[in-house]
Amino acid sequence: MGEARRSQKLCTTVAVRYRFIWKPIGNGEKELQFLPHKVRKLKHIPPVPVEPEELKPEDVEYLDDVEYLRSLDPKEWKHQDHYKVLGIPTLRIKATDEIIRIAYRKKVLKHHPDKRKAKGEEIKSDDDYFTCITMANETLGNALKRRSYDSVDPEFDNNIPLPSEIKNNFFEVGSYYFELNSRWSEKRNVPKLGGPDSTREEVEKFYNFWYNFKSWREFSYEDEEDKEKCTDRDERRYVDKLNKAERLRKKKEEMARIRALVDLAYNNDPRIGKFKQEDKDRKLAAKRAKQTAAQIKKDEAERALKEALLAKEKADAAERARIETKRQEREIQKKALKKERKALRDICKANNYYADNPDQNLTHITALESICENMNVNELEQLNKEIKNKGKSAFLKAITKVNNMIEKERKAVLEASKPKSAENKNSNSTQVMPEWNEENMQLLVKTVTMFPPGTNQRWEVVANFINQHGKFNKNTSKFTAKMVLAKAKELQNTDFSKNNLKAEANKQAFDNFKKNKNKKNVLQVNENGISKKMEEMKIDDKNSKPVEQKNNKVESTPWTTEEQLLLEQALKTYPAATAERWDRVAECIPNRTKKECIKRYKELVETVKAKKAAQAAVNSVK
């Protein structure tokens, strides 16, 4: 059993022992078994701290130094050693009040002037040393005065050890000085310095106490001025102020001395160095563990990143392969579709299935193109087989089917553009749906051009513009963004060859052209109004197949404002990737052929390029 520590943390358990054996269980096998044994219980009684016994008056040796007493000057009683005067110079602060009273009584019985006069000694009434004995008793017999005198005890060692002295014998020298200064502590049970085996908690408790040390020591006994001798109140206040300032200065010097002692001990304490080294090693180990964990984490992250990159590369390769496969499939399908369309056109042209009546030739040719656009490969293949077998009846049946499908889609778009809320039907003020008349249609085309894609809340802006500048009846409601969007999609997806607006548009365009011709007012197109995207568009040479006209001549009729707007809208509706683009564009512009549209487009592109080149030349000159 180890030695119990001097602190309050005492050991209560001595030892616990276990016994295990390998016991054979058969077939050459063994089993680990625990053998219980009797445990002896020991009772540990912690040591009780013994307080120092109080000195008894009968055990004290009272000294009587007559020569020292006769050498004292009663006028300088304040500078005498009161304990030596009473005959107890070795006890000093340890002397009790009872011991001081007995010591004073013994001095009175021996050195009182009456006692000495009775023995025949000569007594000086004004200058007798018995006054020093009386003043010593008055000082040590009063608790406050004795505390004031003990604070400046001339026998107390106010020095601190040298660094070399405390470094060579730390525990012995340090214990002496700390126990010596512990008398000034306001708190009782001052912790001891301890030994080399003291725990960290004990050492920290010791230094925390002394770094927050509170001393009761005060220096009023050494006041140079006695305010009791002052004649008036102002003089007493002034003297008291001087005394307090001097006490405070001495108190600060005392606390600085205690702090210097504690710092000296802390800097030379071998236990502190050991604790610091342990903390340093622990921090270093924690730092190394943290660095190791960080490195492991970094390696794991790099490995995960490599795996992710590898997986991404595989996924990208698979995606590229999938895209390439789809592209090849689209190419095959596109070639098959092109082949079936060509076969259909060749069959119809070879057998003259378009119409019996030459007036319907253009209509059936347009219907043939609609069949090619709206049927897939399988449907076209099936239609070619049916035409080969059944002839013209199959072709007319296909035309009817495609026309019905287009009309059904158009009705679905119109139905979707109608308001679905039942509240409008039941409201008291009935409003009629707005009609898309010629003026509103032209406003729609103009507004869509004015506000291109990317405009904030584009369709709301377009709807508001049409509502403000369009023509409506009295009970007609206004256009909404959804209605405008649906109409724009309808115009974009509608085949103009089957649209009933074509005849009206042709008639309106012819009237406008005749009107402008009569007035001899040829329209000058504003080059600044040309769309900025016109330059970026490219002519698809593969899809541009000008329709052959008689004598291969193109009329140079000036372009009107309406035709220019329709051209720009058609170019936006059918981008360069659209199959047979210029045929579609020409269908959107009445009285204009495909060749005229291509020529007008080239003129606009050249105009824009020339204007940019001129501007660049001007900038270079500047």
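The values are calculated or read from the model by the stated rules, or taken from the named source; none is laboratory data. Treat the numbers as computed from the prediction; the structure is a model and nothing was measured. As a convention, Cβ positions derive from the backbone with ideal geometry for all residues, glycine included, and neighbour counts pool all protein chains shown. Ligands, DNA and RNA are stripped out before the accessible areas are found, and what is left, the full protein with its side chains, is counted by its heavy atoms. Shrake-Rupley method; radii C 1.70, N 1.55, O 1.52, S 1.80 Å.
Can you confirm whether the range 320-331 contains a residue that is open to solvent by 100 Å² or more (accessible area, probe 1.4 Å), part of a helix (DSSP H, G or I) and within 30 Å of Leu368 (Cβ to Cβ)?
yes
Six or more apart or on different chains, Cβ atoms under 6 Å: show the pairs whose first residue is in the range 457-486 and touching a residue at least 12 places away in the same chain (Cβ under 8 Å) and within 15 Å of Trp436 (Cα to Cα) and whose second is assigned to a helix (DSSP H, G or I) and open to solvent by 40 Å² or more (accessible area, probe 1.4 Å).
Here the result reads Lys471/Glu439; Ala481/Trp459; Ala481/Glu460; Val484/Trp459; Leu485/Trp459; Ala486/Val413; Ala486/Ala416, each pair linking the range 457-486 to a residue that is assigned to a helix (DSSP H, G or I) and open to solvent by 40 Å² or more (accessible area, probe 1.4 Å).
Kindly indicate whether any position in the range 69-86 is charged (D, E, K, R), open to solvent by 50 Å² or more (accessible area, probe 1.4 Å) and part of a loop (DSSP other than H, G, I, E, B).
yes
Only one of (1) part of a loop (DSSP other than H, G, I, E, B); (2) open to solvent by 40 Å² or more (accessible area, probe 1.4 Å); (3) under 24 Å from Pro453 (Cα atoms) is not met by Pro558, so which one is it?
Result: Pro558 fails condition (3) only.
If I ask for residues that are part of a loop (DSSP other than H, G, I, E, B) and modelled with pLDDT under 75, which ones from the range 412-434 would you list?
Lys418, Pro419, Lys420, Ser421, Ala422, Ser427, Asn428, Ser429, Thr430, Gln431, Met433
Take the residues of the range 223-241 that are open to solvent by less than 90 Å² (accessible area, probe 1.4 Å) and not in a helix (DSSP H, G or I): which is modelled with the lowest pLDDT?
Just the residues of the range 223-241 that are open to solvent by less than 90 Å² (accessible area, probe 1.4 Å), to begin with: 223, 226-227, 230, 232, 235, 239-240.
With the extra rule that they be not in a helix (DSSP H, G or I), the set shrinks to 223, 226, 230, 232.
Working: Asp223: 86, Asp226: 73, Cys230: 78, Asp232: 86.
Across the range 223-241, the extreme among qualifying residues is Asp226.
Can you go through Tyr62, Tyr104 and tell me which one is at pLDDT 85 or above, open to solvent by 40 Å² or more (accessible area, probe 1.4 Å), under 25 Å from Tyr221 (Cβ atoms) and in a loop (DSSP other than H, G, I, E, B)?
The conditions single out Tyr62.
Across the range 268-293, what is the total count of residues that are open to solvent by 70 Å² or more (accessible area, probe 1.4 Å) and either in contact (Cβ under 8 Å) with a residue 12 or more places away in the chain or touching a helix residue (DSSP H, G or I) at 6+ places or on another chain (Cβ under 6 Å) (or both)?
Selection size over the range 268-293: 1.
Can you tell me which residue in the range 564-620 is least open to solvent (accessible area, probe 1.4 Å), limited to those that are part of a helix (DSSP H, G or I) and of a type in the set (Ser, Thr, Tyr)?
Here the residue is Tyr601.
State yes or no: is Lys205 under 19 Å from Val85 (Cα atoms), surrounded by 14 or more Cβ atoms within 10 Å (Cβ to Cβ) and not polar (S, T, N, Q)?
Taking the combined requirement at face value, the residue does not satisfy it.
I'm trying to understand the selection: among the residues of the range 58-83, which are among the hydroxyl-bearing types (Ser, Thr, Tyr) and either farther than 16 Å from Met135 by Cα or out of contact with any helix residue (DSSP H, G or I) (no Cβ under 8 Å at 6 or more places or on another chain) (or both)?
Tyr62, Ser71 - these are the residues of the range 58-83 that are among the hydroxyl-bearing types (Ser, Thr, Tyr) and either farther than 16 Å from Met135 by Cα or out of contact with any helix residue (DSSP H, G or I) (no Cβ under 8 Å at 6 or more places or on another chain) (or both).
Collect the residues in the range 87-101 that are closer than 16 Å to Tyr149 by Cα and assigned to a helix (DSSP H, G or I), keeping them in residue-number order.
Arg92, Ile93, Lys94, Asp97, Ile100
Consider only pairs whose beta carbons are under 8 Å apart and that are at least six residues apart or on different chains; among these, list those whose first residue lies in the range 223-247 and is touching a residue at least 60 places away in the same chain (Cβ under 8 Å) and whose second residue is part of a loop (DSSP other than H, G, I, E, B) and open to solvent by less than 90 Å² (accessible area, probe 1.4 Å).
Qualifying pairs under 8 Å: none.
Can you go through Leu86, Leu55 and tell me which one is over 20 Å from Lys124 (Cβ atoms), at pLDDT 85 or above and either in contact with a helix residue (DSSP H, G or I) (Cβ under 6 Å, 6 or more places away or on another chain) or not acidic (Asp, Glu) (or both)?
Leu86
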